[in-house]
Every structure is written in C-alpha cells, then in structure tokens.
Amino acid sequence: MAPSQIVQATQTETLQTNGNGILKGVSGAADHDVLENYEGQYRFAPIEESQVSRAMIKRYFETMYDRVVSDVVIVGAGSSGLTCAYQLASMRPDLKITIIEANVAPGGGAWLGGQLMTPMVVRKPADRFLQEIGVPYEDEGSYVVVKHAALFTSTLLSRVLAMPNVVMMNATAVEDLIIHEDSQGQQRVAGVVTNWTLVSLAHDTQSCMDPNLLMCHCTVSATGHDGPMGAFSAKRLVSAGLLKELGNMRALDMKRSEPAIVNNTREVVPGLIMTGMELSEYYGINRMGPTFGGMIASGIKAAHEALRVLDS
Ligand code: AHZ
C-alpha cells in the first residue's frame, strides 16, 4: 500500500475504509496518527509504559480503598459464589458487593462439567437461572445439559463483572475472619482478612507480610468442599470456637445432597452465610457429584439470606 493511502485518524474520525474494509481510523485517540490497518501499517496511539502502570495502580488501589467497607463480601468465585453475587446485585444495585477469589482464574470447579468432561448437567427447576442469564441448553426432561460448563461460567462471570456495584479481587486469599464480640458476649463475623494468594502461600518462608482487611455487614462464604483451598470458613469457625467440629462431607448421593445443600443455606453464625459445597463440610452433607442445580439454587438462596441479614 502506498503511504498516501494511509488514513490519518483524529479524535473526530470514526471509520474510513479503502473499499474492502481493512482501513479504519480509531476514534477517541488524542490528536495522533492511529491506524487499524492489517496490511503492514498498523499504528497504536503513543503512550508511555508509566501510563500503563498508573492506569492499573490508580484503579486497583482506589477499589481497595473503597471496598475496605463493603456491604457484602463473598468469599470464593465458584458456581455458588458467582450465582449469589449475580442474584444479590440484581436485586440490590445499591449494595457494595465485593468478591474475593484466591485463584488467578475465577470459576472454581465450574469450568468442566465433571471429571475432565465438558458438558454441564443442571437439574430442574434450576434451569430457570440459565434462562435468566442467557445460557442455552438441551432439555432432557428432568434436567438440562449445557454444551460446555465454561459457557455457563464465562456467561455468569461476565454478567457479574459488568454490574457496576460488584468488584472482584482475584489472586487474593481470605486468610482469616474478623470476629467481634458485643457486650453480651455474642460473637459476630464482621469481615475478612485478605492477602495476595502468593503472599499467603509464602508465610512459611517469609516473615512480616501482614495482611489487609475488609469490613462488611454480611459475609457469604462459598469456598467449596475441603481440598487444597476449600472449606475455609467452616474450618476457621472450628478453630475460633464458633463450631464444635466439622460435619465432614459425606459420600456421594445426589438425591440427598442437592436439596440438603439448598435447604441448609443460611446464616450459620451471626454475620456469616454459607453456600455451596462448603456446607457439606459444615453440616456433614453428602456430595452430589457433577450436577450443578444445587449450587445455583444455594447461591440464589444465599443472596436472599444476605438481604435478610442486612435488613435485620
Ligand atoms: O479458589 C476457590 C474456588 O474458586 C475459592 N476459595 C477457596 N478458599 C478461598 C479463600 N479465599 C478466597 N480462602 C477461596 N477464595 O472458592 C471457590 C470455590 O468454588 P468451588 O467450585 O470449589 O465451590 P462451589 O461450592 O461453588 O461448587 C462446588 C461444585 C461441586 S463439588 C461437587 C462434588 O465434589 O461432589 N459437586 C459440585 C457441583
């Protein structure tokens, strides 16, 4: 292409084409030459590396500063925690909802349907939530099948993150609870203690890496069953003396497990709601294996419980 053919884009320019749609001026850039051209002339708007750092630092720390006081903190961004966040944020767009996820990748176990297989099974009536968020499925009568679990998780994640009142901090582990005692001696969960997950993982080898904290009116724990990172709050409630002992997750029985998880979703100690498979460790409920209706319904119920706690 001859240089004379290159489009000089300015702030006011929106789209120019050379006839086959491959030349495009980029609107919104300052008065610089920018060009979306895939024939060897592509030009980015000029910025410094420092601007990249400042763009992230400013927003990240402003968010941290703001969310030190949240209305609701959700610990764990698996299927139950994300469903809770979506339901709560939809019902109450005025609430500051902060999700803390230990992994770099949010989604928990819901990137696959079960084992290493991709389709995801959801028993009715939890399919209504799939309709609500716009996830297509095959109807098999009593249950539905989403063609890939990642379609559910990525859709839910994108819907949640697009909500202006929801913030998610991933690669951040909740490593303790804040527990206050009132004048009657009643203990109440009043927030969470956080640290970047890589820092949490290095506590045995490094010293003086003190954590941060977030206060909130209601904490929802959705950390899943025991494993490398699971059942965090259930275990901490035992060591804090607020739960005598763990119930421990029982063997697989889908018919008992799914309704039991939903029906036991509640405020387990003042200020702390538990949802999803973490409840199996708290109460000693069976696991259900690879079927996700229980996680969805438990997350929805946890959102309603959070409203009850906030209003009480
Ligand atoms: O990384 C964890 C995961 O994304 C996160 N998490 C755990 N501990 C944390 C901590 N701080 C911050 N201390 C933490 N985040 O919590 C998320 C849990 O997601 P999950 O998918 O493991 O749990 P869930 O209860 O939402 O879904 C369970 C799905 C299962 S397990 C199962 C079975 O074993 O039978 N069946 C189903 C449907």
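Rule-based calculations on the coordinates, nothing more; no lab input. Owing to the predicted nature of the structure, the values given are computational and were not obtained by experimental measurement. Glycine also receives a Cβ, built like all others from the backbone with ideal geometry; neighbour counts cover every protein chain displayed.
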### Relative contact order (%) - criterion: Cα under 8 Å, at least six apart; region: the stretch 229-312
34 percent
### Summary
Flagged as over-length at 27 Å C-alpha distance, from LYS244/LYS301; LYS124/LYS244; LYS58/LYS96; LYS124/LYS147; LYS147/LYS255, the pairs are LYS124/LYS244
### Query
For ASN170, which sequence-distant residues (separation of 5 or more, or a different chain) have an amide H within less than 5 Å of its own amide H, given hydrogens modelled in the peptide plane?
GLU101
### Task
Which order do the peptides 88-95, 187-194 take when ranked by the mean count of other beta-carbon atoms within 10 Å per residue, highest first?
187-194, 88-95
### Message
Quick query: amide H of HIS148 versus all other amide H atoms, modeled in the peptide plane; which residues come in under 5 Å with a sequence gap of 5 or more or a different chain?
### Response
MET120
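How long is the gain from SER158 to VAL52 if the chain were fully straight, where each residue apart is worth 0.36 nm and the alpha carbon distance is subtracted? The partial results should precede the final answer.
Numbers: separation 106, 0.36 × 106 = 38.16 nm, distance 2.34 nm.
Gain on stretching SER158 to VAL52: 35.8 nm.
Can you give the helix-only mean residue ellipticity at 222 nm for the chain, where every DSSP H stretch with n ≥ 4 adds -39500 (n - 2.57) and the sum goes over all residues, rounded to the nearest 500 deg cm²/dmol? Display every interim value, and only then the final one.
Details: 9 runs with 101 residues, N = 312.
It lands at -10000 deg cm²/dmol.
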### Query
What ranking of LYS96, LYS124 emerges when the number of other C-beta atoms within 10 Å of each C-beta is taken as an exposure proxy, fewest first?
LYS124, LYS96
### Task
Name the residues whose placed amide hydrogens come within less than 5 Å of the amide hydrogen of THR194, ignoring near sequence neighbours (fewer than 5 apart) on the same chain.
GLU175, ASN212, LEU213, LEU214
### Task
Based on the mean of other Cβ atoms within 10 Å per residue, sort peptides 137-145, 235-243, 279-287 so the most packed one is first.
279-287, 235-243, 137-145
### Helix 49-67 vs. the chain, principal-axis angle (Cα, 0 to 90°, nearest 10)
30 degrees
### Task
State the Cα centre-to-centre distance between the stretch 250-312 and the stretch 129-173 in whole Å.
18 Å
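Using Cα-Cα distances under 8 Å and only pairs 6 or more residues apart, what relative contact order does the chain have, in percent?
Values: 660 pairs, mean separation 55.3, N = 312.
Rounded, it is 18 percent for the chain.
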### Ranked packing of 264-274, 110-120, most packed first, by mean Cβ within 10 Å
264-274, 110-120
### Query
Exposure proxy check: HIS203, HIS217 ranked by fewest other beta carbons within 10 Å?
HIS203, HIS217
### Query
Between ASP66 and LYS255, what is the FRET efficiency for a Förster distance of 45 Å, r being their Cβ-Cβ separation, to the nearest 0.05?
0.50
